[in-house]
1. Longest span of the chain, sites excluded, free of GluC sites (Glu not before Pro) in DSSP loop with at most 16 other C-beta atoms within 10 Å?
2. If a paramagnetic tag sat 7 Å from the Cα of Ser202 along the Cα-Cβ line, which residues of segment 16-32 would have the backbone N under 18 Å from that point?
3. Given q = 0.07, 0.09, 0.13 Å⁻¹, what are the Debye log10 I(q)/I(0) values for the chain, with equal point scatterers placed on the Cα positions and solvent ignored?
4. So for segment 123-164, considering every pair of alpha-carbon atoms, how many percent are separated by more than 15 Å?
5. Please sort by residue number the chymotrypsin sites (Phe, Trp or Tyr not before Pro) in segment 97-203 whose DSSP state is loop and whose Cβ has at most 16 other Cβ atoms within 10 Å.
6. Exactly which trypsin sites (Lys or Arg not before Pro) in segment 2-109 are in a DSSP loop and have at most 15 other Cβ atoms within 10 Å?
7. Pull out the extension gain between Lys123 and Asp46, defined as 0.36 nm times the separation in residues minus the alpha carbon to alpha carbon distance; nm, one decimal.
8. Among Ile151, Ile64, Ile4, Ile127, what's the order by accessible area (1.4 angstrom probe), most exposed first?
Amino acid sequence: MAQIRPVPSSYYYSGQGRLGIGDRDPVTGAFDNVVYVGNVTSLTTDIAVQKFEHKESQSGDRGIDLTIVQEKNATFKFTAESLKLDLLAIGLYGASSTVTGGTVTGESHKVKRGQAIPLRHPKVSAIVVKKAAATISEATNYDYDAGFGTIYVKSNAADLQDGDTVTIDYAYAAHDKLEAFTVQTPPERYLRFEGLNTVDGSL
């Protein structure tokens, strides 16, 4: 007789589509509105099982005679290229908001020559640095990045020494803000993948 080696059929899948994240009710399991993540280059699922294995003491082989599955976990990992603030807030259990432009008077900082002073707001202008009541000259003491709100103290600053306390007045424009880990009890969430198999065009 001829030897038969049947080849099992295969279903090839190459997925592309939209990935969404939503909140899930921990009591009812119901899910609400979904936020789409944007372009995602990879999505993987890892399944982990924690087991208790009991070894018998009768045969001399110490064979496993009982296995109890204690815990099952699923971990989803994805790489997103869209870093919108509301999505980052979801991932960092935080909140995003828009800060209205305004002015700051007397923001206090310690000086370290050759290092940077990050102001509490970005997009700054009209910077005035003072030590005691004296205004410190920008030309001989510091440079600054207005966009990031950073003051760079020169290593050879003429009027500033390590440990000096300075106060800084400035104006700042409206900007977006993200605060991480502001949610005390992280909500349950679910993922929804609306995928297309690019091999055959099926959903």
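1. On the way: sites that count: Glu56, Glu81.
Counting only loop sites that pass the neighbour cut-off, the longest clear stretch is 82-203.
2. So the set is 16-17.
3. After summing over all Cα pairs, the log10 values are -0.50, -0.69, -0.93.
4. On the way: 345 of 861 pairs.
The calculated P(r) of segment 123-164 puts 40 percent of pairs beyond 15 Å.
5. In loop regions of segment 97-203 (DSSP not H, G, I, E or B), the sparsely surrounded chymotrypsin sites (Phe, Trp or Tyr not before Pro) are Phe148, Phe181.
6. Details: sites: Arg18, Arg24, Lys51, Lys55, Arg62, Lys72, Lys77, Lys84; in loops: Arg62, Lys84.
Passing sites in segment 2-109 are Arg62, Lys84.
7. Roughly 23.5 nm would be gained on extension.
8. Ile4, Ile64, Ile127, Ile151
The values are calculated or read from the model by the stated rules, or taken from the named source; none is laboratory data. What you are looking at is a predicted structure, and each value in this text was computed from that prediction instead of being measured. As a convention, Cβ positions derive from the backbone with ideal geometry for all residues, glycine included, and neighbour counts pool all protein chains shown. Ligands, DNA and RNA are excluded from the accessible area calculation, which covers all protein heavy atoms including side chains. Shrake-Rupley method; radii C 1.70, N 1.55, O 1.52, S 1.80 Å.
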